[in-house]
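Participant: Here it is: the structure, laid out below.
The values are calculated or read from the model by the stated rules, or taken from the named source; none is laboratory data. Bear in mind the structure is a predicted one, so any value in this text is a computation, not a measurement. All Cβ positions, glycine included, derive from the backbone under ideal geometry; neighbour counts span all protein chains shown. Quick note on the areas: whole protein, heavy atoms, side chains included, nothing else; ligands and nucleic acids left out. Shrake-Rupley method; radii C 1.70, N 1.55, O 1.52, S 1.80 Å.
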Amino acid sequence: IHLIYFVHVVIMDTESWKFLRSVCILSFLLGSCFVYQSLRVVVAQDEGTEPAVTLQVNASDGAGRLIPETLFGIFFEEINHAGAGGLWAELNTPSNIWPWSIVGDQSSVYVATDRSSCFERNKIALRMDVLCDSKGCPSGGVGVYNPGYWGMNIEEGKKYKVALYVRSTGDIDLSVSLTSSNGSLTLASEKIIASASDVSNWTKKEVVLEAKGTDHGARLQLTTTKKGSIWIDQVSAMPVDTYKGHGFRNDLYQMMSDIKPRFIRFPGGCFVEGEWLSNAFRWKETVGPWEERPGHFGDVWKYWTDDGLGHFEFFQLAEDIGAAPIWVFNNGISHNDEVETATIMPFVQEALDGIEFARGDANSTWGSIRAAMGRKEPFELKYVAIGNEDCGKTYYRGNYIVFYDAIKKAYPDIKIISNCDGSSRPLDHPADYYDFHAFVSEYAVTGKDAGKGSLLAALAEAAFLIGLEKNSDIVEMASYAPLFVNTNDRRWNPDAIVFNSSHLYGTPSYWVQRFFAESSGSTLLTSTLKGNSSSLVASAISYQSNDQDYISIKAVNFGATSVNMKVLVTGLDPNVMKVSGSKKTVLTSTNVMDENSFTQPEKVAPHESLLEMAEEDLTVILPPHSFSSFDLLKESAKMIRMPVSDSSSTL
């Protein structure tokens, strides 16, 4: 199966050529479609002249084609600290010892680790020997601090829950504090006071801190002036206010939710595979109480995760956001080692158990673990992907068949996604979907022209997505990658949503995705561009929102001059529509290489306004280097009957 779309470009300046190149690079790198390039070179329009272009749209009943409900979604991978230090709102950086640092000096406190933890899967605990007492210690005490992920965002008036495990050979008087980055200003503090008998064994302690000030680079301190030895383990600091109390950072969640994704693919990506299988994401180590999860080092992207964002939380996230979960699991293959098909059954059983965890009855073996975590009702799970980008590996096909047969036998309704591309020749194994064509799981424009997220890249992606929209009888799912990047740890460029501890912004590529929020499940209308349309790509859909009917026109102008485009809609009753209540949204900027930043978060962002036009027709202006949409409200729009035999109408 080939997904074919045409790219027509007017060569007017170097930026137009860059745009064509970006579209072609996008398609080539993804392997997501066969692109037929129809390049027409024409002379640039004289200044002040405007090409006459008409978009003919057939809105007759039954003339359109339904777009799959799942067409546009998101792909979440633990990369760029997307989860740890990002969407997962945990403030404390997990580790055995780093990045914990001493408050005080070596004459007053000594810190080391030992294997005395009560948690079998995480035996390392921190031991703090306090050598001074209330008379000899500094007034603020001595101890340790954790800076979080490049600083903790602490805001005045908000509450933060700190939980930790502690034991001691004596009484304890431990201050749990949120302070400024250098520790000089205390933003919030509470005491943990206990007798020796109360903490002779490991004991969980919790405090809630209410901040009296704001610092976006704060840290967590554990200090005391009481001489003795204290063991500390499994320290967590979380904002009390997370999305629905589910642990997701509110602002990042909202940005993601606003895309209106119809599916979410998780948890990777290369994160699923690992450079070595010993460091692959293994779901069974990510469920149960947080403090019992061992965490692991993601050796592809080179950082530790505590796996607080685990198997359960990903399914919860999918449900919260209203997206169908697509679980990607390891198939016995990493970047550097593989399990032979003859010995793959333990991995197959792990996948079956993972499905049972999500879908099984609360009395089943793994469903009961889910129920113990507070969720008796099963999660919805209809899609799984066997591996990630592993088709070329030695044992992939053999392993795949074993997984496929076992899953289909136990769960015949689950749709299974292969890593192999079936577009150029038929697959040699069964699959419900294959990635990259029927499922385009990781699209993006990358390279020099993309920068850290340029308008140029976004316009290329917009044209690409219009192509997917038009070819949605073949392509059923598509998602951008990567979704998130913590600006302190860029492992990949560009990304959709950029953030630090306290702020965030969407790149132009993010905003492009917002334009397609209503596409999934809508009706694709047949549309044709007439006239000098060589610099345009356009589509038309009809959809419903809030019990209102709309026709939406989307158009990319990758030329260097404005284009006047007349929209001619046929097949509608002339009394159905009016102009009032319709709107236009335009994404553009003064330079195609413009990017957003923390100082200019909306330098390249959509601008929405009411649609103004003459009553006799709809002629819209497409600015140079722009992506525009026009949402025409059927219930309050005005149709003018044209004197043609097919009773067509025009807007």
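Participant: Tell me the net charge near D435. Cut-off is 9 Å between Cβ atoms, D435 excluded, with +1 for each Lys or Arg and -1 for each Asp or Glu.
Facilitator: -3
Participant: Would you calculate the convex hull of the Cα atoms in the stretch 352-414 and tell me its volume per residue in Å³?
Facilitator: Each residue corresponds to 92 Å³ of Cα convex hull volume.
Participant: Over all directions, average the projected area of the Cα convex hull of the stretch 90-137 and note it in nm².
Facilitator: Averaging across all directions leaves 4.4 nm² for the Cα convex hull.
Participant: A follow-up question, please. If you roll a 1.4 Å probe over the stretch 351-491 with all protein chains in place, what percent of the accessible area is carbon or sulfur?
Facilitator: Carbon and sulfur together cover 47 percent of it.
Participant: Need one number: % antiparallel among DSSP beta bridges in the stretch 466-624, to the nearest 5.
Facilitator: 90 percent
Participant: Now a separate question. Among 164-176, 361-373, what's the highest-first ranking by average C-beta atoms within 10 angstrom per residue?
Facilitator: 164-176, 361-373
Participant: Here's another thing I want to ask about it. Would you check the accessible area of C391, probe 1.4 Å, heavy atoms only, in square angstrom rounded to 10?
Facilitator: Using a 1.4 Å probe on the heavy atoms, I get roughly 30 Å².
Participant: Separate question: How much net charge surrounds K212 when only the other residues with a Cβ under 14 Å from the Cβ of K212 are counted, with Lys and Arg +1 and Asp and Glu -1?
Facilitator: Neighbourhood net charge equals -3.
Participant: Round to the nearest 10 and give me the degree value, 0 to 90, for the angle of helix 345-359's Cα axis relative to the longest principal axis of the chain.
Facilitator: Helix 345-359 sits at roughly 80 degrees to that axis.
Participant: Could you sort the peptides 420-427, 400-407 by per-residue average Cβ neighbour count (10 Å cutoff), highest mean leading?
Facilitator: Order by mean packing, descending: 400-407, 420-427.
Participant: So, one more: What are the radius of gyration and Dmax of the stretch 257-361, computed over its Cα atoms and given in Å?
Facilitator: 14.1, 45
Participant: Right, another one. State, to one decimal in nm², a quarter of the convex hull surface area for the C-alpha atoms of the stretch 320-367, i.e. the direction-averaged projected area.
Facilitator: Averaging across all directions leaves 4.8 nm² for the Cα convex hull.
Participant: Return the inverse of the average 1/r over all pairs of distinct C-alpha atoms in the stretch 363-466, which is the Kirkwood hydrodynamic radius, in Å to one decimal.
Facilitator: Radius from the Kirkwood sum: 16.7 Å.
Participant: I need the per residue convex hull volume for the stretch 464-579, using only the alpha carbons, in cubic angstrom as a whole number.
Facilitator: Values: hull volume 20.3 nm³, N = 116.
Dividing the Cα hull volume of the stretch 464-579 by its residue count gives 175 Å³.
Participant: Continuing with the same structure: Distance in nm between label sites at S107 and T186, each 7 Å beyond Cα in the beta-carbon direction?
Facilitator: Roughly 2.4 nm, to one decimal.
Participant: At 4 °C and 1.567 mPa s, grab the translational diffusion coefficient of the stretch 66-178 from Stokes-Einstein with a Kirkwood Rh over Cα pairs, rounded to a whole number in µm² per second.
Facilitator: 74 µm²/s
Participant: Ranking request for peptides 80-90, 584-594: highest mean number of other beta-carbon atoms within 10 Å first, then the rest in descending order.
Facilitator: 80-90, 584-594
Participant: Let me ask another. Give me the percent of accessible area attributable to carbon and sulfur for the stretch 518-588, probe 1.4 angstrom.
Facilitator: Roughly 40 percent of what the probe reaches on the stretch 518-588 is carbon or sulfur.
Participant: For the stretch 139-250, evaluate the Debye formula with one uniform point scatterer on each Cα (no solvent term) and list log10 I(q)/I(0) at q = 0.11, 0.13, 0.22, 0.23 Å⁻¹, rounded to two decimals.
Facilitator: -0.35, -0.48, -1.21, -1.28
Participant: With a 1.4 Å probe and every protein chain left in place, work out the accessible area per residue of the chain in Å², rounded to a whole number.
Facilitator: With all protein chains present, the chain gives 40 Å² per residue.
Participant: Taking every pair of alpha-carbon atoms in the chain, give the share separated by more than 50 Å as a whole percent.
Facilitator: Working: 44829 of 211575 pairs.
Of the Cα pairs, 21 percent sit more than 50 Å apart.
Participant: Expressed as a rounded percentage, what relative contact order does the stretch 331-371 have, with Cα pairs under 8 Å and six or more residues apart? All intermediate terms of the calculation are to be shown ahead of the outcome.
Facilitator: Working: 30 pairs, mean separation 9.7, N = 41.
About 24 percent, as a whole number.
Participant: Next question. List the equivalent ellipsoid semi-axes of the stretch 231-292 in whole Å, largest first, each obtained as the square root of 5λ for an eigenvalue λ of the Cα gyration tensor.
Facilitator: Values: eigenvalues 119, 99, 18 Å².
Semi-axis lengths for the stretch 231-292 are 24, 22, 9 Å.
Participant: Reachable lysines from K583, Cα under 22 Å, same-chain residues fewer than 8 places away excluded?
Facilitator: K260, K554, K566, K603, K634, K638
Participant: Also: Relative contact order, percent, of the chain when contacts are C-alpha pairs under 8 Å separated by at least 6 residues? Kindly include the intermediate steps, with their values, before the conclusion.
Facilitator: Working: 1625 pairs, mean separation 116.3, N = 651.
Value for the chain: 18 percent.
Participant: Then there is this: Taking the radius of gyration and the Kirkwood hydrodynamic radius from Cα positions alone, what is the Rg/Rh ratio for the stretch 267-328, to two decimal places?
Facilitator: Taking Rg over the Kirkwood Rh, I get 0.98.
Participant: Express as a percent, rounded to the nearest 5, the fraction of DSSP beta bridges in the chain (both residues included) that run antiparallel.
Facilitator: Antiparallel bridges make up about 75 percent of those DSSP assigns within the chain.
Participant: Straight-line reach from K393: which lysines have a Cα under 28 Å away, not including same-chain ones fewer than 8 places off?
Facilitator: K284, K302, K382, K408, K409, K415
Participant: Here's another thing I want to ask about it. How are the Cα pair distances of the stretch 438-486 distributed, in percent, across 5 Å bins from 0?
Facilitator: Answer for the stretch 438-486: a P(r) of 5, 19, 27, 25, 14, 8, 2, 0 percent.
Participant: Next up: Just for the Cα atoms in the stretch 302-451, what are the lengths along the principal axes, largest first, rounded to whole Å?
Facilitator: Extents along the principal axes, in whole Å: 45, 43, 30.
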